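Below: the structure, in structure tokens.
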Amino acid sequence: MPGDERDRFRPVGVALAAGLWLWAGGVRADGSAMPVAELNAVAVTGRLFGETASASAGTVYSEQFQFRPLARPAELLEVVPGLVATQHSGEGKANQYFLRGFNLDHGTDFAFSVDDVPVNLPSHAHGQGYADLNFMIPELVDRIDYRKGPYYAQYGDFATAGAADIRYKDTLEQPFVQAAGGSSGYARLVAAGASPAAGGRLLYGVEGLHYDGPFDRAGNFNKGSGVLRFSAADAGKSYYVEAMAYQAHWDASDQVPRRAVQQGLISAYGCIDCSDAGSTYRYSLAGGFSRSLGSGTLSAAAYAVRYHLNLYSDFTYYLHQDNAAALGIRLDPARPSDQIEQLDTRGVYGGRLAWRQPLRLGGLAASYEAGLQLRDDAVSPSSLYDTQDRARRYTVVDDRVDEFAAAPYLQTAVRWNRWLRSEAGLRYDFVHAGVSANIAGNGGGATRALASPKLSLVAGPFARTELFLNLGRGFHSNDARGATETLTPRSLEQPQAGARAQPAALLAAARGADLGLRSAWLPHAELALSWFVLDLDSELTLDGDNGTTGVGGATRRQGLEASLLWRPLRHVVVDADYAYSHARYRQPLSVAGPAYQANAGGDHVAESPTSVAGLGLTYQSPAGWDAAVRLRYFAPRPLVEDNSVASSATRLVNASLGWNPAPRLRLSLQGTNLLDSRDHDIDYFYASRLRNEPAGGVNDIHFHPVDPIAGRVLLCYSY
């Protein structure tokens, strides 16, 4: 094994060795299983048996992550084994996600929802499937249901690599007020509670946050979030109504070129274009019900969302300054000129209807679910402008998009005998998009339909072990404008008259397979292992940074995943996960991708993750204090298709310590990046230009550093 590969696997060996040592010292002498009462619903070993159809699906409850230190709300999603949430810009921008060999960008191939409301946004000004989770209030999250792979008929667009449903609590044991302060101007106030109302429960929560961050230019991130949720349940029926609100604005420090830091022009926490910024809001209203009718259950949900993002970014600085004259743009030559403004305002409306029914098939126990999902995104506008110092200089794209999707589905489950059960499903997605474009010839309509069969086989349990086989077809949608585009937009990057463009497919199909096991054979532990392969027909996506369709071919991703949830001692929980993925184009590229024009080609999928490892330890003392520590390792990734340039590895250690000095009072200390790592949140490789550099710019690694060591103090009062 080459040396760099050994380095990638070394943290896994350390984690496994530590786990075996702890297991040897933590098992009861008589080998008996711990009673469920002792587990306090944190790690109920084996509770997923008979409940899931895959080793790579599961549910994580709030008891499992309540002590986990979080630098950002979206890091809560790292409870999904193998998923990484990182950031390359200001704190208000959607996080960047990695999973199963995908650089998911901001959500292209992983579907997020919060209380039945989808978060991913198609045909978004910044990137397809943009999923901003900054509106979440982590203290109010009850559980996260996750599924990986395209094997579930209830999930369609953006769920190629998987999906996560985030569920808020219906009630709280006690209302609380929590204040927090810490490094780099961090200040946060949260208040939440629940009370009886109209025969149900009314949950409320508000959050205010300010954070400057460690960068030379203060991030000035200010956000406010709120939720109001009414829910009620009695025999055979339940329903809820929920309203959410979120607003934020920030100044951004995007990734910086490595050479600028090495030459001493800026620090690693500096900026080249210091006028980048953003603002956003999201308001939603949703409701749903579930009711037993005879032996079946009818459920439905509906939602309406109003959303806005205004984002200023400059990734190449002076690279396209000389092209301004061709567009008739006057620029200040002393200041970076390549800034863009991306504007997205939309309404999102949709809902679902489902009927679940148990039945007998020739004496076999079975059930089915039939459903219909509807969604409409009315985007007005989705725009791109060339700007300097946030002043608009040229309109590149100014489009209106209406994208409608409908998907009926059917999922059946049959228990064939004591040790074999199956789930089979079929989903039919219909998508129609209408585009009104500022460039003549780029508007029009596009329609596509796709049938997606699903099949899962589950054998067991044998010695408290189940075996899984999953097969399925899925897809992700491409930006609707890429499906109607015939001319490339003019911009600072492309000042010439619009060249002919080949419209992209509206839907890109994927086929996947998983083989896995879930076992509770080891005392007080639950182990999940899976091998997966996923073929994607096309990596075509619309590049929101220049308004053009990026070129990508068919790809194959395959890999191994392992996760362990283990309770070696009564008050100790260990969680560990490791994921390795191998992402390649099925045919080597004959030319380089846009990020690396000098490359002759290759078969690596640039930015695809290779190895991800996580190890967490939580201790909850009966004396009223608790402690948690977590290590995350993110291995080097290829940054270009021939793997001649790779990212650096990232190692982070976060920890928390809590104490209850009085029955209603809790004091917590949180530390992030405790080893003060100088690693990078993310790396890219592309050409940019600094002042006095050649007109064609310089290919270089551009990185966003992790925040340095930081501490926070939290004081929570329950009443």
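Rundown of residues vs (1) at pLDDT below 85; (2) out of contact with any Leu (no Cβ under 9 Å at 6 or more places or on another chain), yes/no style:
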| site | (1), (2) |
| --- | --- |
| Ser590 | yes, yes |
| Gly593 | yes, yes |
| Glu607 | no, no |
| Thr610 | no, yes |
| Pro638 | no, yes |
| Ser647 | no, no |
Pick from the range 498-518 the residues that are surrounded by 22 or more Cβ atoms within 10 Å (Cβ to Cβ) and without any contact (Cβ under 8 Å) to a residue 60 or more places away in the chain: which of them is nearest to Ala159 (Cα to Cα)? Ala508
Considering only residues of the range 336-359 that are among the β-branched types (Val, Ile, Thr) and either in contact (Cβ under 8 Å) with a residue 40 or more places away in the chain or in a loop (DSSP other than H, G, I, E, B) (or both), which is surrounded by the fewest Cβ atoms within 10 Å (Cβ to Cβ)? Val348
If a residue has to be small (Gly, Ala, Ser), modelled with pLDDT of 95 or more and either within 20 Å of the chain's Cα centre (by Cα) or more than 26 Å from Trp566 (Cβ to Cβ) (or both) to count, how many in the range 650-672 make the cut? 0
Exactly one of (1) of a type outside the set (D, E, K, R); (2) in contact with a strand residue (DSSP E or B) (Cβ under 8 Å, 6 or more places away or on another chain); (3) not in a strand (DSSP E or B) is unmet by Leu657. Its number? (3)
Let me confirm something: among Ser718, Ser688, which residue is surrounded by 20 or more Cβ atoms within 10 Å (Cβ to Cβ) and either over 21 Å from Arg72 (Cβ atoms) or over 24 Å from the mean Cα position of the chain (by Cα) (or both)? Ser688
Checking the structure you have, find out if any residue of the range 365-377 is in a loop (DSSP other than H, G, I, E, B) and at pLDDT 95 or above. no
If you check Gly46, Gly31, Gly58, which single one turns out to be of a type in the set (Gly, Ala, Ser), modelled with pLDDT under 50 and either outside any loop (DSSP other than H, G, I, E, B) or surrounded by fewer than 17 Cβ atoms within 10 Å (Cβ to Cβ) (or both)? Gly31
Being at pLDDT 95 or above, in a strand (DSSP E or B) and either within 30 Å of Phe102 (Cα to Cα) or of a type outside the set (Asp, Glu) (or both), is that true of even one residue in the range 150-160? no
Would you confirm, using the coordinates I've provided, whether Ser491 is outside any strand (DSSP E or B), crowded, with 23+ Cβ neighbours inside 10 Å and touching an Asp or Glu at 6+ places or on another chain (Cβ under 8 Å)? yes
Index of the failed condition, His320 passing every other in (1) surrounded by fewer than 18 Cβ atoms within 10 Å (Cβ to Cβ); (2) modelled with pLDDT under 95: (1)
The range 653-677: number of residues that are out of contact with any Phe, Trp or Tyr (no Cβ under 8 Å at 6 or more places or on another chain), buried (at least 16 other Cβ atoms within 10 Å of the Cβ) and on the phi < 0 side of the Ramachandran plot: 9
Only one of Arg448, Arg418 is within 23 Å of Gly516 (Cβ to Cβ) and among the basic types (Lys, Arg), namely Arg418
State the number of residues belonging to the range 617-653 that are in contact with a helix residue (DSSP H, G or I) (Cβ under 9 Å, 6 or more places away or on another chain) and closer than 27 Å to Cys716 by Cα. 4
Considering only residues that are out of contact with any strand residue (DSSP E or B) (no Cβ under 6 Å at 6 or more places or on another chain) and hydrophobic (A, V, I, L, M, F, W, C), look in the range 179-205 and name the one that is farthest from Val713 (Cα to Cα). Ala198
Could you please find all residues in the range 638-649 being in contact (Cβ under 8 Å) with a residue 60 or more places away in the chain and surrounded by 20 or more Cβ atoms within 10 Å (Cβ to Cβ)? Leu639
Could you tell me whether the range 257-277 includes any residue that is crowded, with 16+ Cβ neighbours inside 10 Å, aromatic (Phe, Trp, Tyr) and either in a loop (DSSP other than H, G, I, E, B) or modelled with pLDDT under 95 (or both)? yes
A careful count of residues in the range 359-379 that are under 27 Å from Ala433 (Cβ atoms) and of a type in the set (Gly, Ala, Ser) gives 3
When only residues in the range 154-178 that are farther than 30 Å from Ser718 by Cβ and among the aromatic types (Phe, Trp, Tyr) count, which is surrounded by the fewest Cβ atoms within 10 Å (Cβ to Cβ)? Tyr155
Quick check on the range 295-310. Is at least one of its residues in contact with a Cys (Cβ under 7 Å, 6 or more places away or on another chain) and either in contact (Cβ under 8 Å) with a residue 40 or more places away in the chain or within 21 Å of Asp376 (Cα to Cα) (or both)? no
Take Arg360 and tell me if it is of a type in the set (Lys, Arg) and over 26 Å from the mean Cα position of the chain (by Cα). yes
Which of (1) modelled with pLDDT of 95 or more; (2) over 20 Å from Ala245 (Cβ atoms); (3) among the β-branched types (Val, Ile, Thr) is the odd one out, the single condition Thr86 does not satisfy? (1)
Considering each of Tyr684, Tyr633 in turn, give the residue that is within 29 Å of Ser313 (Cα to Cα), of a type in the set (Phe, Trp, Tyr), at pLDDT below 95 and not in a loop (DSSP other than H, G, I, E, B). Tyr684
Selection from the range 100-153 of residues over 17 Å from Val305 (Cβ atoms), surrounded by fewer than 24 Cβ atoms within 10 Å (Cβ to Cβ) and among the acidic types (Asp, Glu) yields Asp105, Glu139, Asp142, Asp145
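The values are calculated or read from the model by the stated rules, or taken from the named source; none is laboratory data. Because the structure is predicted, anything quoted here is derived from the model rather than measured. All Cβ positions, even for glycine, are placed from backbone atoms using ideal geometry, and neighbour counts span all protein chains on display.
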